[in-house]
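Nothing in this text is a laboratory measurement; each read-out follows from the coordinates by a stated rule. Small disclaimer: the values here were computed from a predicted structure and weren't measured. Cβ sites come from the backbone with ideal geometry, for glycine too, and all protein chains shown count toward neighbours.
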Amino acid sequence: MFALVDCNSCYASCEQIFRPDLRGKPVVVLTNNDGCIVARSKEAKALGIPDLEPYFKVRHLLEQHRVQVFSSNYELYGDISARVMAVLGQFAPEVDIYSIDEAFLAMDGITEDFVRYARRIRNSVWQQVRMPVSVGIAPTRTLAKLANHIAKQSARCDGVCVIRQPQDWFAVMQKIPVRKVWGVGSRYARRLAGQQVFSVYDLLTQDPDHIRHCFNIGLARTVRELRGQSCIAPDDLAVPKKQIYTTRSFGQRVFHCEELEQSISQYAGRACEKLRAQHSLVKTLSIFIETSRFDPNPLHLACTVPLYCPTNDTRTVVRAARAAVRGLYREGYAYAKAGIGLIELLDEKPEQTHLFEAQQSESSRQLMAVMDKINQYGSGEVFLASHGIQQRWAMQRQFRSPSYTTRWGDIPGIKMR
DNA sequence: TCTGGGGTCCTAGGACCC
DNA sequence: TCTGGGGTCCTAGGACCC
């Protein structure tokens, strides 16, 4: 059995922790660059504010209902997430962190009544972090996700749902749209509708081989998981990434090559941090710069760059990435976004050395380790000068809250009387 | 004035080779 | 002379997730 613990409206709830005056009120959080709505409190959902809608399109609606708007504050969310995960660690020996706001717990060896166990988790996380969570428990991860969905939807569940046997839940599954299944996006949902598959139950009763033939192995696995047959191995979530990307839209359009080089330097730095965190080396990069996809004639320029010798030294990767940008750059375009992908990765050990090139030096390794140590809280205190100091292209975050838990200057004060 | 997220993996199809 | 099987690698595009 697996438990999936998921924070309710995670980013909005994070903001409410330090603004208890906003509990019970409509709150939304925006994506990077204040682009789209990415999190909505329950009250904001009730107002009919759609998910992932561009901010400027719903701005008047938000103002009309006096919805509190926040820019993304990942320093805060990352720290709150770590605290939630630490609490979950008290409940199971193995916590698979699936994303910033959810984790799977393996329930092996848990003898306590599942409903009671789930309630204890909920209460503890609320008590220790003030984060509301929902808990779904089921024989497979896909069913645990579904149970979590039911826990959130049904008031009667009060945040907890346990699916012991799928067949006990067939009646409920007939009423849940197939789109809600983990692994079924809007495209698959549309194609499935063409085959008269509308509900979770409809999908569950399909022949996996038929689904494999019409779609792919992933969706066939999903069908099996819905039937209670576990096919997503625990390791699937822990394995190192096969590719690492860092891409960002700019706060405003960029016209000059130097600024593109600055941005790509910074993204490369971030990508290399992730690379070192999983003890990998990169052999091939992918670099792109592009105009807005909403432009009448969008331009997308990309190239792949093989590295002479696999590395995880930010300086080497930055040098190659900047050269690539200079090669791609075309004058006269309003660039909206750039990114880097580390697309071919190797294990740090054993290192594949080039016949005529010294392998990555010990001094390089030490330097990177020191940088990572200083920057461990994601605040980016140490960086290469090529990132630039005055970043005209940096993202917009007009409604950012303080980093209450990670910056000395932002720690809330207590009034004594 | 103008505004539109970010990350990862899979697969089909083409190029090339034996 | 022309055809044809099968494998590998690469890449762009598609699909998913939160």
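What the table shows:
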read-out	value
Relative packing of peptides A:410-416, A:174-180, A:60-66 - highest average C-beta neighbours within 10 Å first	A:174-180, A:60-66, A:410-416
Segment A:136-154 residues near the modelled residue A:42 label - backbone nitrogen below 14 Å, point 7 Å along Cα→Cβ	A:151-154
Estimated FRET transfer efficiency (residue A:25, residue A:112; beta-carbon r; R0 45 Å; 0.05)	0.80
Residue A:130 versus residue A:343: modelled label distance in nm, points set 7 Å from Cα along the beta carbon direction	4.6 nm
Modelled FRET efficiency - R0 30 Å, residue A:217 with residue A:295, Cβ distances, 0.05 increments	0.25
Residues A:408, A:126, sorted so that the one with the fewest Cβ neighbours within 10 Å comes first	A:408, A:126
Estimated FRET transfer efficiency (residue A:53, residue A:367; beta-carbon r; R0 51 Å; 0.05)	0.70
Order of A:158, A:168 - criterion: other Cβ atoms within 10 Å of each residue's Cβ, fewest first	A:168, A:158
Reach of residue A:274 by Cα under 29 Å, taken over lysines that are not fewer than 8 positions away in the same chain	A:145, A:241, A:242, A:283, A:337, A:349, A:373
Cα-projected label distance for residue A:165 with residue A:381, points at 7 Å along beta-carbon direction, nm	5.8 nm
Label-point separation, residue A:304 to residue A:279 (7 Å along Cα→Cβ), nm	2.7 nm
With Cα atoms, 0 to 90° folded angle of helix A:141-153 axis to chain A main axis	70 degrees
Extension gain, residue A:97 back to residue A:187 (0.36 nm per residue minus Cα-Cα distance, nm)	29.7 nm
Radius 11 Å from Cβ of residue A:250, net charge of other residues (Lys, Arg +1; Asp, Glu -1)	+2
Computed lengthening from residue A:374 to residue A:154, 0.36 nm per intervening residue step minus Cα-Cα distance	74.7 nm
Fully extended contour minus Cα-Cα distance, from residue A:61 to residue A:231, at 0.36 nm per residue	56.8 nm
Mean Cα-pair separation over length for segment A:106-205, i.e. relative contact order, pairs under 8 Å, 6 or more apart, %	20 percent
Relative packing of peptides A:252-259, A:287-294 - highest average C-beta neighbours within 10 Å first	A:287-294, A:252-259
Crossing angle, helix A:257-277 versus chain A [Cα axis fit, 0-90 degrees, rounded to tens]	50 degrees
Quarter of Cα convex hull surface for segment A:8-76, i.e. mean projection, nm²	4.1 nm²
Length-normalised contact order of segment A:12-150 in % [C-alpha pairs under 8 Å, at least 6 apart]	17 percent
Positive dipole terminus of segment A:13-57, leading residue within A:14, A:48, A:24 (C-beta point charges)	A:24
Alpha-carbon Rg/Rh ratio, for segment A:244-387, with Rh computed the Kirkwood way	0.99
Inter-part distance where segment A:136-153 and segment A:253-316 are each reduced to a Cα centre, Å	38 Å
Debye log10 I(q)/I(0) at q = 0.10 Å⁻¹ for segment A:81-235, Cα point scatterers	-0.37
Helix-derived mean residue ellipticity, 222 nm - over chain A, DSSP H n ≥ 4, -39500 (n - 2.57), to 500	-11000 deg cm²/dmol
Sorted by Cβ density within 10 Å, fewest first, the residues A:76, A:367	A:367, A:76
Chain A: proportion of alpha-carbon pairs further apart than 33 angstrom, %	45 percent
